[in-house]
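Below is one structure, written out as structure tokens; the observations come after it.
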Amino acid sequence: MSEPILIAKNTKTVVQLLPRMANRHGAITGATGTGKTVTLQALAQAFSSQGIPVFMADIKGDLTGIACPGGGNKRVDERYNSLGVPHPEWAGCPVTLWDVFGQSGHPVRATISDMGPLMLSRMLGLNETQTGVMQIIFKIADDHGLLLLDMKDLRAMCQHVGDNASEFTTEYGNVSAASIGAIQRGLLTLEEQGADVFFGEPMLNIMDMMQAVEVNGRESGIVNILAADKLFNSPRLYATFLLWMLSELWEALPEVGDLDKPKFVFFFDEAHLLFKEAPKALLERIEQTVRLIRSKGVGVYFVTQNPLDIPDTVLAQLGNRVQHALRAFTPRDQKAVKATAETMRANEGLDIETAITELEVGEALISLLDEKGRPTPTERCFVLPPWSRIGPVTPEERTLIIEHSLVAGVYEQVVDRESAFEILKGQTQQAAAPAPAPASAAPGGGPVFSGGGARRAPAPVSAPAPASEGGTGQAVKEVLFGRTGPRGGKYEGIVESAARSAMRTIGSSVGREIVRGLLGGILGGKRR
């Protein structure tokens, strides 16, 4: 049985999180500057010390200090002294640094196919009709065995579907040029934001994040930190990337039921971006993932300013709550304060609604799940600071962390194997290339040389077809339906010429009768 995790304390009560309830998810909420980031770091370090791997996005760039021992921070010392808690043994955590752009950590990539049409459409900001076309593009690629790995594959596939829309409409549905254009423009915008480096191979193996190492004779979970300061400039890309990671966890992990402690804890910072303007289908997918991923041994903690940023269907799944101060400056703020107070378990003698607006920095209202899965009465207390450094690492320390990582050298080299782009490009070049002219045989049967002296290999000669199949029959077919010359030239047959001539007068009753008679005679039909 894992030891309870000390989270916070007041003069009367110690607040502890039970590891076996940590996969029931949670929320860390509060206004800017109230202490959410330090609370996140303290929880992440506590989970790591229990051997639980953790993932968190570093938006402000100050979470990397968790890799280094703390100490020497006057405010931290004062907090421990005021709570009457002995100073901890200052220590850092084993850390792996990641970066979508491959600059501040190991590269993180996903393939276009693995991202899927729904999340990719969300990333591009497509409407419902354009999302439908994106799904058609993916379906056509799947049916024709075309791998969609990177951005150039998707661009090539969009062009291919757009150029041949009339051929796909009957089987897959209408594909409009306007929707194809919108998708292409969205991809161009994504590339300008630098997101094209995210798509490709080698794709992230989510199991590389779920590792633990021995530190001072005790197993410690790896703390995975995503450098998100640049990624956050593209909110849709940021939110979609984290949602993709949750989906990867859901698909990769087996069902495990209730464990003594989670297998992985996922912190979703600035969670409001995940739900902002999200279509209904995506919201349903998020709700389903949060509801079911608990059985995979994964705990998800949403970090955001206002609890109202999280839909009720998702908020209802979050059993562990840490509520920092809210400011009731606007009607929406006042509504959030009241709604938050009503959703937390009451505690006799504590006016939750009033307390929310009076909390100090680092102080919070906390309600966690007890051993039977019930929310405990809300306590007003101070969160214990982490025993690692509060603040970022230096560039030199970052370099050392990357070089000594467990995945050093695994993801740095890009792999570009044959996929949709190369296949479609090859088909286009083959169709555009002129057919080779038939070679002539010299009188003596020897090879023929061109006037320029370059030797040309004779073209293979096919055996003549029997007269019953390829002689007279082939000649009649060419006369009726036309033929293609050796260099790709088209020659009309009687049927095509007559039909084209007839169509010029199709608007008249005489023209319609001519067409009916002509086609009926050739196809063996009867006039009615």
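The values are calculated or read from the model by the stated rules, or taken from the named source; none is laboratory data. Quick caveat, the model's predicted, so the values are computed rather than measured. Cβ coordinates were reconstructed from backbone atoms using ideal geometry, including for glycine residues, and neighbour counts include every protein chain displayed. In case anyone asks, the SASA skips ligands and DNA or RNA and just uses the protein heavy atoms, side chains included. Shrake-Rupley method; radii C 1.70, N 1.55, O 1.52, S 1.80 Å.
To keep it simple, each residue is scored yes or no on (1) open to solvent by 80 Å² or more (accessible area, probe 1.4 Å); (2) touching a residue at least 24 places away in the same chain (Cβ under 8 Å); (3) in a loop (DSSP other than H, G, I, E, B); (4) of a type in the set (Asp, Glu).
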{"position": "327", "(1), (2), (3), (4)": "yes, yes, yes, no"}
{"position": "361", "(1), (2), (3), (4)": "no, yes, yes, no"}
{"position": "365", "(1), (2), (3), (4)": "no, yes, no, no"}
{"position": "372", "(1), (2), (3), (4)": "yes, no, yes, no"}
{"position": "393", "(1), (2), (3), (4)": "no, yes, yes, no"}
{"position": "398", "(1), (2), (3), (4)": "no, yes, no, no"}
{"position": "407", "(1), (2), (3), (4)": "no, yes, yes, no"}
{"position": "417", "(1), (2), (3), (4)": "yes, yes, yes, no"}
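Taken over region 188-201, the criterion of being assigned to a loop (DSSP other than H, G, I, E, B) and open to solvent by 60 Å² or more (accessible area, probe 1.4 Å) is satisfied by 193 alone.
Before we move on, is residue 314 assigned to a helix (DSSP H, G or I) and either closer than 27 Å to residue 120 by Cβ or touching a residue at least 40 places away in the same chain (Cβ under 8 Å) (or both)? Criteria met by residue 314. The conditions of being assigned to a loop (DSSP other than H, G, I, E, B) and closer than 30 Å to residue 165 by Cβ are not met by residue 118.
The single residue among 343, 376, 354 that is among the β-branched types (Val, Ile, Thr) and open to solvent by 70 Å² or more (accessible area, probe 1.4 Å) turns out to be 343. Taken together, the criteria exclude residue 423 from residues that are surrounded by fewer than 20 Cβ atoms within 10 Å (Cβ to Cβ), in contact with a Leu (Cβ under 7 Å, 6 or more places away or on another chain), in contact (Cβ under 8 Å) with a residue 40 or more places away in the chain and within 30 Å of residue 92 (Cα to Cα). Of the listed requirements (1) at pLDDT below 95; (2) assigned to a strand (DSSP E or B); (3) charged (D, E, K, R), residue 380 misses just one: (1). Evaluate region 11-28: report whether one residue or more is β-branched (Val, Ile, Thr) and not in a strand (DSSP E or B). Yes.
Any residue at all in region 153-164 that's under 18 Å from the mean Cα position of the chain (by Cα) and open to solvent by less than 50 Å² (accessible area, probe 1.4 Å)? Within region 153-164, one or more residues are under 18 Å from the mean Cα position of the chain (by Cα) and open to solvent by less than 50 Å² (accessible area, probe 1.4 Å). Only residues that are polar (S, T, N, Q) and more than 28 Å from residue 247 (Cβ to Cβ) were counted in region 296-342, giving 4. Just one of the listed residues (92, 102) is touching a Ser or Thr at 6+ places or on another chain (Cβ under 7 Å) and either part of a strand (DSSP E or B) or open to solvent by 20 Å² or more (accessible area, probe 1.4 Å) (or both), and it is 92. Can you find a residue that is touching a residue at least 12 places away in the same chain (Cβ under 8 Å), touching a Gly at 6+ places or on another chain (Cβ under 9 Å) and either within 20 Å of residue 114 (Cα to Cα) or among the basic types (Lys, Arg) (or both) anywhere in region 286-303? Looking through region 286-303, at least one residue is touching a residue at least 12 places away in the same chain (Cβ under 8 Å), touching a Gly at 6+ places or on another chain (Cβ under 9 Å) and either within 20 Å of residue 114 (Cα to Cα) or among the basic types (Lys, Arg) (or both). Within region 29-79, the residues that satisfy the criterion of being outside any loop (DSSP other than H, G, I, E, B), over 29 Å from residue 259 (Cα atoms) and open to solvent by 10 Å² or more (accessible area, probe 1.4 Å) are 69, 74, 75, 76, 77, 78, 79. Among the residues of region 160-187, those identified as free of Cβ contacts under 8 Å to residues at least 24 places away in the same chain and assigned to a helix (DSSP H, G or I) are 162, 163, 165, 166, 167, 169, 170, 171, 177, 178, 181, 185. Picking from 363, 342, 396, which residue would you name as being over 30 Å from residue 102 (Cβ atoms) and out of contact with any strand residue (DSSP E or B) (no Cβ under 6 Å at 6 or more places or on another chain)? When all the criteria are applied, what remains is 342. Residue 118 meets the stated requirement of being open to solvent by 10 Å² or more (accessible area, probe 1.4 Å), within 28 Å of residue 317 (Cα to Cα) and at pLDDT below 95. Look at residue 333 and say whether it is surrounded by fewer than 18 Cβ atoms within 10 Å (Cβ to Cβ), out of contact with any His (no Cβ under 9 Å at 6 or more places or on another chain), assigned to a loop (DSSP other than H, G, I, E, B) and at pLDDT below 85. No; evaluated as a whole, the condition is false for this residue.
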